[in-house]
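The values are calculated or read from the model by the stated rules, or taken from the named source; none is laboratory data. Since the model is a prediction, treat every value here as computed from it, not as a measurement. Reconstructed Cβ throughout: ideal geometry from the backbone, glycine too, with neighbour counts over all protein chains shown. To get the accessible areas, we keep the full protein, side chains included, count just its heavy atoms, and leave off ligands, DNA and RNA. Shrake-Rupley method; radii C 1.70, N 1.55, O 1.52, S 1.80 Å.
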Amino acid sequence: MPQADLANARQDFPMLRKQMHGKPLIYLDSAATAQKPQVVIDTLNNFYENAYGTVHRAVYELAVHSTQAYQETRKKAQAFLNAEHVEEIIFTRGTTESINLVASSFGKAFIKPGDEIIISEIEHHSNIVPWQILCEDRQAKLNVIPCNEKGELDLEAYAKLLNDKTRLVAITHISNALGTLNPVKKMIAMAHAAGAKVLVDAAQSAPHMPVDVRDLDADFLVFSGHKVCGPTGVGVLYGKAALLDAMPPYQGGGDMIEKVTFAKTTYNVLPLKFEAGTPMFSEVIGLGAALDYLTGMGMTNIQQWEHQLLEYATQKMLPIPGLRIIGTAKEKGAIISFIIEGTHPLDLGTLLDLQGVAIRTGHHCAQPVMQHFGLQATARASFALYNTKEEIDQFVEGLQHSVKMLKG
């Protein structure tokens, strides 16, 4: 599909036809959550209105059809990530639960006192706190890869942290606070050479670029449905089958069992071993429609279009007096965090909202990043396939107007 078609993708998203404060909505917060194409909304509505029935547990026709649609999404996620086996796809409530699942289950199976886990200075809280909890519980040590003033990770420091006690490296693919695109394939190879496993937080990469778990050789990879233009409350954990087989269940109940007696319970095979209770099957089916939509657009096309938007917005923003971009890595996703001297990000966000422009302000659930740069907060504009250069022009115009109002 040519990129010209992506320039018109905005029309597929009904929310983007809305007005905010009497102005056309310009939505620049896709790093937080993505808007939904009509096909996803229609899929959910049709399922609830015409095809709703539980999965796995019944033989009546509605349940059979629901189960088929549910499992079909698992195959779509397998193809989306190029996983080798369909049972390597586990449905969760999102990236955060996927990381917590691995921390809990991998931790029980493989982490013992004195072992070490590596994360980076530019992680989202969801890829920090679960490992802190695990290390406290298992008397393990948490090591942190530092970043430089561009927001790039120090790979020499990373190499020195790796040793024969390192059991796991948990690393973001793209930083939600800086946009930094980490060289995860290289980092995975380095970890494997030291005998460690790797979890990749792909919450910010899976919606915006091709992600191939076999090419990366990732042991685990996680992403959220709502960031890939799908429903909230659903996510994906990919794990190599041999690892998942060796890990105990995360939760008990429902279809994760094979047989229950009061004397002993045996557990189901993958992937059901990690999907306790009635699953979020409606959301999973909606996720399938979202993956179809993105795949149809072409993930490489999406990546190239968003890179154009990133470069265009950067060039437009830099001339604004006092503006400083936080996160200037050579390799970046379509995220621009910034501050403007003499203004507060919250004030900028408020004034832009009154002009119909939605950006994010705050610490972006990445307080260690803010501490590194000596900041409390930044403003953040993040782009997706449905954004346009015309929207960026209006955003920059609105930003200039806001600065004039704040500085007088």
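For the range 193-234, what are the residues that are open to solvent by 30 Å² or more (accessible area, probe 1.4 Å) and either of a type in the set (Val, Ile, Thr) or part of a loop (DSSP other than H, G, I, E, B) (or both)?
Within the range 193-234, Ala194, Gly195, Pro210, Asp212, Asp217, Thr232, Gly233 qualify.
Show the residue pairs that are 6+ apart or on different chains and have beta-carbon atoms under 7 Å apart, the first residue being within the range 133-153 and farther than 15 Å from Lys165 by Cβ and basic (Lys, Arg), the second being open to solvent by less than 50 Å² (accessible area, probe 1.4 Å) and part of a helix (DSSP H, G or I).
Here the result reads none, with nothing in the range 133-153 linked to a residue that is open to solvent by less than 50 Å² (accessible area, probe 1.4 Å) and part of a helix (DSSP H, G or I).
With (1) of a type outside the set (Ser, Thr, Tyr); (2) assigned to a helix (DSSP H, G or I); (3) open to solvent by less than 40 Å² (accessible area, probe 1.4 Å) as the list, and Met190 as the residue in question, which single condition is left unmet?
It is condition (3) that Met190 fails.
When the residues of the range 295-339 are filtered to those that are in a loop (DSSP other than H, G, I, E, B), within 23 Å of Val211 (Cα to Cα) and touching a strand residue (DSSP E or B) at 6+ places or on another chain (Cβ under 6 Å), which remaining residue is most open to solvent (accessible area, probe 1.4 Å)?
Ranking the candidates gives Glu331 first.
Run Gly374 past the list (1) more than 25 Å from Arg10 (Cβ to Cβ); (2) open to solvent by 50 Å² or more (accessible area, probe 1.4 Å); (3) part of a helix (DSSP H, G or I) and report the number of the one that doesn't hold.
Unmet condition: (3).
From Asp353, Asp292, Asp347, grab the single residue that is closer than 30 Å to Gln71 by Cβ, part of a helix (DSSP H, G or I), open to solvent by 10 Å² or more (accessible area, probe 1.4 Å) and of a type in the set (D, E, K, R).
Asp292
Based on this model, can you work out whether Leu162 counts as surrounded by fewer than 24 Cβ atoms within 10 Å (Cβ to Cβ) and over 15 Å from the mean Cα position of the chain (by Cα)?
yes
What is the one condition in (1) within 24 Å of the chain's Cα centre (by Cα); (2) in a loop (DSSP other than H, G, I, E, B); (3) surrounded by fewer than 24 Cβ atoms within 10 Å (Cβ to Cβ) that Ala384 does not satisfy?
Of everything listed in (1) within 24 Å of the chain's Cα centre (by Cα); (2) in a loop (DSSP other than H, G, I, E, B); (3) surrounded by fewer than 24 Cβ atoms within 10 Å (Cβ to Cβ), Ala384 misses just condition (3).
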